[in-house]
Structures are given as structure tokens and as C-alpha cells.
Amino acid sequence: MTGCLDTTVDRNALVREVSDRIFELAHGDVVISLIIAHLNGEEASNSEFLSTYVQRVVRWVIEE
């Protein structure tokens, strides 16, 4: 891994761990956005956008 000082880090395990954490954070972001939209009396984002949002965020974070 470019720039990684710890040579004992398994790249695949690190990417998996980061992906899992980002997946959880992105899901939380969706939930918070839906709650805020509801509290403001606004329509939520369309379901197509929400259904792909989490995976797009994960890919964006881990792509090289």
C-alpha cells in the first residue's frame, strides 16, 4: 500500500474493514437525512438515489 508505514498490514483486510465502517456510516447518513426531511416536512430523496447511495460512497472511499 502506497504511503503505509506499517508493512505488516494486510491490504485486503484493511480495505474490508474500512469498507465495513464506511458502509455503516453511509447507512447512518441515509437514516439521518430521512429523519431531517421528515421533521422539516420535506419529501425524502428518491428511492433510486437512496438505494445506490451507500454503495457509491463505499466505492468512492476505497477506490485507488
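Can you pull out the residues in the range 26-39 that are within 17 Å of VAL54 (Cα to Cα), surrounded by 11 or more Cβ atoms within 10 Å (Cβ to Cβ) and over 13 Å from the mean Cα position of the chain (by Cα)?
Within the range 26-39, SER33, LEU34, ILE35 meet the criteria.
Looking at GLY3, GLY28 in this structure, which one is out of contact with any Leu (no Cβ under 7 Å at 6 or more places or on another chain) and at pLDDT below 90? Even if it seems obvious, please write down each step before you answer.
Details: GLY28 fails: at pLDDT below 90.
Sole residue among the options that is out of contact with any Leu (no Cβ under 7 Å at 6 or more places or on another chain) and at pLDDT below 90: GLY3.
Looking at PHE23, PHE49 in this structure, which one is of a type outside the set (S, T, N, Q), in a helix (DSSP H, G or I) and either at pLDDT below 90 or surrounded by fewer than 10 Cβ atoms within 10 Å (Cβ to Cβ) (or both)?
On the way: PHE23 fails: either at pLDDT below 90 or surrounded by fewer than 10 Cβ atoms within 10 Å (Cβ to Cβ) (or both).
Selected residue: PHE49, the only one of PHE23, PHE49 that is of a type outside the set (S, T, N, Q), in a helix (DSSP H, G or I) and either at pLDDT below 90 or surrounded by fewer than 10 Cβ atoms within 10 Å (Cβ to Cβ) (or both).
The values are calculated or read from the model by the stated rules, or taken from the named source; none is laboratory data. These numbers come from a predicted model, not from an experiment. When we count neighbours, we look across all protein chains shown, and the Cβ atoms used for this are built from the backbone with ideal geometry, even at glycine.
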